[in-house]
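The values are calculated or read from the model by the stated rules, or taken from the named source; none is laboratory data. Bear in mind the structure is a predicted one, so any value in this text is a computation, not a measurement. With ideal geometry, Cβ positions are generated from the backbone for all residues, glycine too; neighbour counts draw on all protein chains shown. Areas reflect the complete protein model, heavy atoms only, side chains present, ligands, DNA and RNA absent. Shrake-Rupley method; radii C 1.70, N 1.55, O 1.52, S 1.80 Å.
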Amino acid sequence: MKLVFATNNKHKLQEVRDIVGDRVEVLSLADINCYDDIPETADTLQGNALIKARHIYEKYGLDCFADDTGLEVEALDGSPGVYSARYAGDECDSEANMRKLLENLTGKTNRNAQFRTVIALIVKGEEMLFNGIVKGAIATEKRGDSGFGYDPIFIPEGRRESFAQMSSEMKNSMSHRFRATQQLGDYLKENYD
C-alpha cells in the first residue's frame, strides 16, 4: 500500500517510516511533486491535520495522511499547542521557540506538559483521526542535541533524559508520533492488508 504523508519535514518523514516499517510505502509531498504551501489555519491540531490531508486527497486523488503536533504546557493553559511551530513568530525556529517557552515558564513550579500528535487519514474518501499523547515535563534548560523541535527541553514521564538525549529508536518507541502512527498502522493492517 502507498500513502502520501503530507509533509516535507525530513525528520518527521523518517520517524514515521521507521515506525510503520515495510507494511506501507510512505511518500513525501516532494515524491508526488507537490510544492503547494498548504495553510494551517485551523485553531486545533485535528483541524490542521484534516486541512492538509484533504488538500492532497482533493487535488491529487491519492490516499494520504497528515499530522499536526503540539506541545501543551499546563502552566501556560495548553500553549503553545496548535502554535508550537511558530510560537516565537512565523519566521522563528526551534531555538527561538524553546527560548520563549523557557522564558514564559520562569518562576513557575508546574512544568507538566504533553506532546500530542493528531493524524488525519483519508483512504478512498473515508476520513479517520488518530491521537497520540506522551506526558512529561519541561526542563529548566536544554539537554541533548538529537531530535528536533522542543525535544531538548521535553522530559517524558518516568525518564530523566530529554527526548534529545535519547537515541531515535528509544524516542520512537514512546513518542506521541509513535503512538498515533501505531494506531494508524494497526488500522491499516486490520482494514487493508
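Here are the numbers for the structure shown:
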{"read-out": "Cα Rg, Dmax, region 64-123, angstrom units", "value": "13.1, 47"}
{"read-out": "Gain upon complete extension [residue 14, residue 190; 0.36 nm per residue less C-alpha separation]", "value": "61.0 nm"}
{"read-out": "Area of residue 116 that stays accessible when all protein chains are in place (1.4 Å probe, Å², to 10)", "value": "50 Å²"}
{"read-out": "Top positive-direction residue, dipole computed over region 23-130 with Cβ charges, set 79, 106, 44", "value": "106"}
{"read-out": "In range of the label at residue 58: residues from region 2-21 whose backbone nitrogen is under 19 Å from the point 7 Å along Cα→Cβ", "value": "4-7"}
{"read-out": "Candidates per chymotrypsin sites (Phe, Trp or Tyr not before Pro) in region 49-125, loop by DSSP, up to 16 other Cβ within 10 Å", "value": "83"}
{"read-out": "Relative contact order %, region 1-151, counting alpha carbon pairs below 8 Å whose residues are six or more apart", "value": "21 percent"}
{"read-out": "Residue 160 versus residue 112: modelled label distance in nm, points set 7 Å from Cα along the beta carbon direction", "value": "2.4 nm"}
{"read-out": "Cut-off of 10 Å, at most 10 other beta carbons, DSSP loop: longest stretch of the chain lacking such GluC sites (Glu not before Pro)", "value": "1-90"}
{"read-out": "Full-extension gain in nm, residue 92 to residue 77, via 0.36 nm per residue minus C-alpha separation", "value": "3.2 nm"}
{"read-out": "Student exercise, region 6-90 dipole from Lys, Arg, Asp, Glu Cβ charges, in Debye to nearest 20", "value": "220 debye"}
{"read-out": "Dipole moment magnitude, nearest 20 debye, the chain about Cα centre, only Lys, Arg, Asp, Glu C-beta charged", "value": "460 debye"}
{"read-out": "Carbon and sulfur %, accessible surface of region 65-190 computed with the full protein complex present, 1.4 Å", "value": "44 percent"}
{"read-out": "Overall Cα dimensions of region 118-193, principal axis frame, Å, largest first", "value": "45, 20, 18"}
{"read-out": "Region 28-76: trypsin sites (Lys or Arg not before Pro) falling in loop per DSSP and having at most 16 other Cβ within 10 Å", "value": "none"}
{"read-out": "C-alpha long axis of helix 10-20 to longest principal axis of the chain, angle in °", "value": "70 degrees"}
{"read-out": "Residue 38 accessible area, 1.4 Å probe, all protein chains in place, Å² to nearest 10", "value": "20 Å²"}
{"read-out": "Per residue accessible area of the chain, 1.4 Å probe, in Å²", "value": "51 Å²"}
{"read-out": "Convex hull volume per residue in cubic angstrom - Cα atoms of region 76-168", "value": "126 Å³"}
{"read-out": "Charge sum, other residues only, whose C-beta stays under 10 Å from residue 31's C-beta, Lys/Arg counted +1 and Asp/Glu -1", "value": "0"}
{"read-out": "Largest-first ordering by accessible area, 1.4 Å probe, given options 186, 68, 90, 77", "value": "77, 90, 186, 68"}
{"read-out": "Surface accessible to a 1.4 Å probe, residue 12 within the full protein complex, Å²", "value": "30 Å²"}
{"read-out": "Theoretical ellipticity at 222 nm over the chain - DSSP helices of four or more residues, -39500 (n - 2.57) apiece, nearest 500", "value": "-9500 deg cm²/dmol"}
